[in-house]
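Encoded as structure tokens, the structure appears first; notes follow it.
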Amino acid sequence: MADTWILGATGRAGRSIARELAKDGVGITLVGRNGASLAELAATLPDECAVVRAASLPEALARWEERPGRLLVNTIGPFAKTGPAAASAALRCAANYVDLANELTAVAALLDRDAEARSAGSTLVTGAGFGVAATEGLVAHLRGDRPPAASVRVTAIPVVDALGPAVLASVVESLGGGGAQIVDGQVRDMRLGAGYERINLPDGTAVRTVAVPTGELLAAQRAADASNVVAASSEVPAVAPVRAALPLVALPLRSESLRRALLRLIDRFSLAPPARSGTVSYAHARLTWPDGTRRSGWLSAGEGYEFTANVASAVSRRIALGGGTPGAFTPVDLFGPDIVRESGGRFGDESAIAEQRQ
């Protein structure tokens, strides 16, 4: 029996995770809708693996519960839709679960199942990708053993060579919930398009960023124990006209029926947003303490999907080999910032970068 099932194994992230886990000798089951693609992927792996063709997520989860493994890895977005059902299936089997979510609602929903996971003896991990892990790891690195920060701003600046429809589906779900920030320890509404900041990158270029309602809010709050948090991204166009129009553009997406129609359209035609070219992905974080002390720095990594696969594989590998702890976590919350280094992330503080430029 294969220990680890990968939902959406023939997608971009799923393929990479399967290859990485297979290298480490982890027994895997590839799960997807296209039998030919599953067989093609299986043929490229070093060891024989199981294949499960399922036309839908409910069918895949039903097959899982017939003969569950030790770990269920979910790469299928939008995770606000797929995560609760997949995590529930893992919990019913007293198994472990990992997903790549970065939607605020998806990350919050999984973390809220901590008591349930402890009772079942299951390890649940959400945000095992560039989204969540990159900024979370950087915040933990910058904080070190310092006391709780008063405020944190994190920014994700990924570079990817392609984007799949799952990413666009997650964007639709996130925008439908409106903007968000953490104020005095609570998630509060924030106008979409707010929180603009132009950030100079270590390579000498600059990007425009705006606040986005992602799971990085909660991960950064937990890593810094901060009362006030803003999460931003370079992935949303941030020129002034777009920032002004975002609330109007997103308003129709508050309709559940419209979001469902758009998600069906995305899935049917394999729509995808444009990718951002380059060679280095960055995360930036700035922490401020109650006494006014500030510390900021960078994480640099390679292409975003590759880093996501590395994080998901590293987390899955540790859990598959018995390294989990019952409860619900984000990657760095469970394994510390070393999981980010293990995945190819490199930390640097801004003062060191400034010195290198001189």
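The values are calculated or read from the model by the stated rules, or taken from the named source; none is laboratory data. Please read all numbers here as calculations on a predicted model, not as lab measurements. Cβ placement follows ideal geometry from the backbone for every residue including glycine, while neighbour counts extend to all protein chains displayed. SASA here: full protein model, heavy atoms, side chains in, ligands and nucleic acids out. Shrake-Rupley method; radii C 1.70, N 1.55, O 1.52, S 1.80 Å.
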Projected onto the charge dipole of the range 14-137 (unit charges on the beta-carbon of Lys, Arg, Asp and Glu, signs +1, +1, -1, -1), the Cα from Leu104, Ala50, Ala117 with the largest positive-side position is that of Ala50
Answer in debye to the nearest 20: the dipole magnitude of the range 1-96 about its Cα centre, from +1 Lys/Arg and -1 Asp/Glu charges placed on Cβ, is 280 debye
If r is the Cβ-Cβ distance from Asp184 to Ala108 and R0 is 22 Å, what FRET efficiency results, to the nearest 0.05? 0.80
Where Thr325, Thr105, Thr75, Thr4 fall by accessible area, highest first, once all protein chains stay in place (1.4 Å): Thr105, Thr325, Thr75, Thr4
Please get the size of the charge dipole for the chain, origin at its Cα centre, with Cβ charges of +1 on Lys and Arg and -1 on Asp and Glu, quoted in debye to the nearest 20. 620 debye
So between Thr279 and Arg33, what do we pick up on full extension, going 0.36 nm a residue minus the alpha carbon distance? 85.4 nm
Between Asn200 and Val51, take the C-beta separation as r, use R0 = 41 Å, and let me know the FRET efficiency to the nearest 0.05. 0.30
Report the paramagnetic label zone for Glu65: residues of the range 95-132 whose backbone N is under 14 Å from a point 7 Å from Cα along the Cα-to-Cβ axis. 95
Span-like helices, the chain: DSSP H, alpha-carbon axial extent 15 Å or more, mean Kyte-Doolittle 0.0 or greater, which ones? 79-92, 165-176, 240-250, 304-320
Give me the accessible area of Arg70, 1.4 Å probe, in Å² rounded to the nearest 10. 110 Å²
Using 7 Å Cα-to-Cβ label points, what is the Ala85/Thr325 separation (nm, one decimal)? 3.2 nm
From most to least accessible, 1.4 Å probe, no ligand or DNA/RNA atoms counted, Lys81, Lys23 line up as Lys23, Lys81
For the range 1-62 and the range 84-105, write down the distance between their C-alpha centroids in whole Å. 17 Å
May I ask you to derive the relative contact order of the chain, considering only C-alpha pairs under 8 Å and at least 6 residues apart, and to give it as an integer percent? 22 percent
Taking just the alpha carbons, could you work out the radius of gyration and Dmax for the chain, both in angstroms? 19.5, 62
Restricted to the chain, the DSSP antiparallel beta bridge percent, nearest 5, is 55 percent
By accessible area with a 1.4 Å probe, ligands and nucleic acids excluded, highest first: order of Asp291, Asp145, Asp99, Asp225: Asp145, Asp291, Asp225, Asp99
So, taking all protein chains as they sit and a 1.4 Å probe, how much accessible area belongs to Ser88, in Å² rounded to tens? 30 Å²
With Cα springs under 10 Å, the Gaussian network model of the chain assigns the largest mean-square fluctuation among Arg146, Arg346, Arg15 to Arg146
